[in-house]
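The values are calculated or read from the model by the stated rules, or taken from the named source; none is laboratory data. Remember, predicted model here, so these are calculated numbers, not experimental data. Cβ sites come from the backbone with ideal geometry, for glycine too, and all protein chains shown count toward neighbours. All accessible areas refer to the heavy atoms of the entire protein, side chains included, with ligands and DNA or RNA removed. Shrake-Rupley method; radii C 1.70, N 1.55, O 1.52, S 1.80 Å.
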Amino acid sequence: MPGRSGTARALPEPQQDARNSMQRTTPQDAAVPVVQHHGRGTNQVGVRLYNERLILSLIRRHRRLSKADIARLTSLSLQTTTVAINRLEAEGLLVAGERQRGRIGQPAVPYSLDPEGAFGLGMVIGRRACDVVLMDFVAGIRGRERITFPYPLPGAILDFARAAIPKLLEPLSPGARARLSGSGIAMPFELWNWEAELETPADALAGWRDFDVAAALAPIAPGPVRVLNDATAACAAELTFGGGSAYRDFAYFFVATFIGGGIVLNGSLLPGRSGNAGALGSMPVMAHTRGATELQQLIRSASLYTLEQRLGETGLEGAQIWTEPDDWSRFAGPLDAWIEEAAEGLAQATAACLAVVDFEAIVIDGAFPPEVRRRLVARTREAFARLDRQGLSEAVIAEGTIGRDARAIGGAALPLLDTFGRDLDVLFKD
């Protein structure tokens, strides 16, 4: 991804490709195979695909850009930029706006992403709920189906998917269905390890140990089907579609049944060698819980399952935070106490993150109403200001901008970003 300045270096396209590409504006051209070059050399089609993805990425970030803007940001020639824009417009990925007059020179035509250009299906398999969403090319949610439960079971998830996915896809025209890029599944890793916290019967979640969710959903969901850690998917959504694009490096906390996180370095998501980078919920913090002070994982003080427990202790139905996710004003006292405890843990975790990486920002979001997010971030800033921060650089502690849909949007974005996102590996694929 480009840095904060919005500039990015494109790769010079071979002249032969630039001359001939005016004739290659059909969608089939995107499927032309890249010829492998040993020694990781580039080739004409690889360079073209990389530059096209770069242009789509820049337009996604800036919302709309003219050909001259794109040429300036990428250092491509205006001729090469025009060829690429014409190709993307013909393929239905870009749409031209009205000419902008009143400037020196020829009136500029701004280009933006066409919402109908591509679609992705996203599923979030959570500890308390499962959502399936259909998302368009600009992260607009076209439809949603949701189910809540005491704890997730593979069979119940499959039954829900069989009913929900056809219902979401039914309104799409045949042409729109042809533009489905695939499906992304966002889910926690090792669900079976959290039976005690979820208060499930013994071995109730054991079925997840050997359950291949991608293979099970392949006959049901548009393919290809990809799986990503749910908090990492939320981080990807914040980076790609939210306010995270304003920061080159940031640590990301997503508060759900269990808090998780993600890491962005140099404008790119860092999944880690096992896909588990940003497991910030496992970070040790000192917690002051109900009169006792002890060292414990952040997950035990800044997760929503602890809020559920607090609500239950006061006679309220804790499941309401999932069945009625948009208004928590009735929770009053238990919510206030949870915010205080969670903010203390988040402040300590923020200091620990900054001691390892000189992050520009710490972004906090979660599956709660925006007002709860605002209060949690404000209290985290106050708690962080009270800590001994000697030797640490200052960083912004910012609210996330997507909210409870972040994991679903991140899941639906997986196939879209794999197909259309800027990816250096497109230069070297077989």
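Regarding residue 409, is this residue under 30 Å from residue 118 (Cβ atoms) and hydrophobic (A, V, I, L, M, F, W, C)?
yes
What number of residues in the range 112-135 are open to solvent by 10 Å² or more (accessible area, probe 1.4 Å) and more than 27 Å from residue 195 (Cα to Cα)?
Summing the residues that are open to solvent by 10 Å² or more (accessible area, probe 1.4 Å) and more than 27 Å from residue 195 (Cα to Cα) in the range 112-135 gives 5.
Being surrounded by fewer than 20 Cβ atoms within 10 Å (Cβ to Cβ) and touching a residue at least 60 places away in the same chain (Cβ under 8 Å), is that true of even one residue in the range 303-320?
Yes: one or more hits.
Whether any residue in the range 96-112 is small (Gly, Ala, Ser), under 24 Å from the mean Cα position of the chain (by Cα) and under 17 Å from residue 411 (Cβ atoms) is what I want to check.
no
Within the range 254-283, can you find the residues that are in contact with a Cys (Cβ under 9 Å, 6 or more places away or on another chain) and aromatic (Phe, Trp, Tyr)?
254, the sole residue that qualifies.
So which residues in the range 111-148 are out of contact with any strand residue (DSSP E or B) (no Cβ under 7 Å at 6 or more places or on another chain) and within 26 Å of residue 200 (Cβ to Cβ), if there are any at all?
Selection gives 126, 127.
What's the total number of residues in the range 180-194 that are buried (at least 20 other Cβ atoms within 10 Å of the Cβ) and outside any strand (DSSP E or B)?
Number satisfying all stated conditions: 2.
I'd like to check which helices (runs of 4 or more DSSP H) are fully inside the range 195-254 and have at least 2 residues that are open to solvent by less than 20 Å² (accessible area, probe 1.4 Å) and not aliphatic (A, V, I, L, M).
Passing ranges, in order: 230-241.
Please tell me if residue 342 is surrounded by 22 or more Cβ atoms within 10 Å (Cβ to Cβ) and small (Gly, Ala, Ser).
Yes; evaluated as a whole, the condition is true for this residue.
Among the residues that make up the range 347-369, is at least one of them within 30 Å of residue 182 (Cα to Cα), in a loop (DSSP other than H, G, I, E, B) and open to solvent by 30 Å² or more (accessible area, probe 1.4 Å)?
No: the range 347-369 contains no residue that is within 30 Å of residue 182 (Cα to Cα), in a loop (DSSP other than H, G, I, E, B) and open to solvent by 30 Å² or more (accessible area, probe 1.4 Å).
Looking only at the range 324-332, decide whether some residue is open to solvent by 10 Å² or more (accessible area, probe 1.4 Å), of a type outside the set (S, T, N, Q) and either under 16 Å from the mean Cα position of the chain (by Cα) or more than 19 Å from residue 370 (Cβ to Cβ) (or both).
No.
Quick check on the range 268-293: of everything there that is surrounded by 17 or more Cβ atoms within 10 Å (Cβ to Cβ) and more than 15 Å from residue 353 (Cβ to Cβ), which residue is modelled with the lowest pLDDT?
Checking each candidate, the answer is 271.
Out of the range 162-211, which residues are within 20 Å of residue 416 (Cα to Cα), in contact (Cβ under 8 Å) with a residue 12 or more places away in the chain and aliphatic (A, V, I, L, M)?
Passing the criteria: 165, 168, 169, 172, 176, 180, 185, 186, 187.
Take residue 95 and decide whether it is over 26 Å from residue 261 (Cβ atoms), in contact with a Gly (Cβ under 9 Å, 6 or more places away or on another chain) and part of a strand (DSSP E or B).
So residue 95 fits the description; yes.
Being at negative phi and under 11 Å from the mean Cα position of the chain (by Cα): is that true of residue 257 here?
In short, no.
Within the bounds of the range 415-423, is there any residue that is part of a loop (DSSP other than H, G, I, E, B), at pLDDT 95 or above and either surrounded by fewer than 22 Cβ atoms within 10 Å (Cβ to Cβ) or at positive phi (or both)?
For the range 415-423, residues part of a loop (DSSP other than H, G, I, E, B), at pLDDT 95 or above and either surrounded by fewer than 22 Cβ atoms within 10 Å (Cβ to Cβ) or at positive phi (or both): absent.
Pull up the range 60-86, narrow it to residues that are assigned to a helix (DSSP H, G or I) and polar (S, T, N, Q), then point me to the one that is surrounded by the most Cβ atoms within 10 Å (Cβ to Cβ).
Here the answer is 81.
Can you pull out every residue in the range 372-404 that is without any contact (Cβ under 8 Å) to a residue 12 or more places away in the chain and in a helix (DSSP H, G or I)?
378, 385
Restricting attention to the range 155-168, which residues are open to solvent by 20 Å² or more (accessible area, probe 1.4 Å) and of a type outside the set (D, E, K, R)?
155, 156, 158, 160, 163, 166
Does residue 57 count as open to solvent by less than 50 Å² (accessible area, probe 1.4 Å), assigned to a helix (DSSP H, G or I) and modelled with pLDDT under 75?
no
Of the residues in the range 137-154, how many are in contact with a Gly (Cβ under 8 Å, 6 or more places away or on another chain) and open to solvent by 10 Å² or more (accessible area, probe 1.4 Å)?
Adding up the residues that qualify gives 2.
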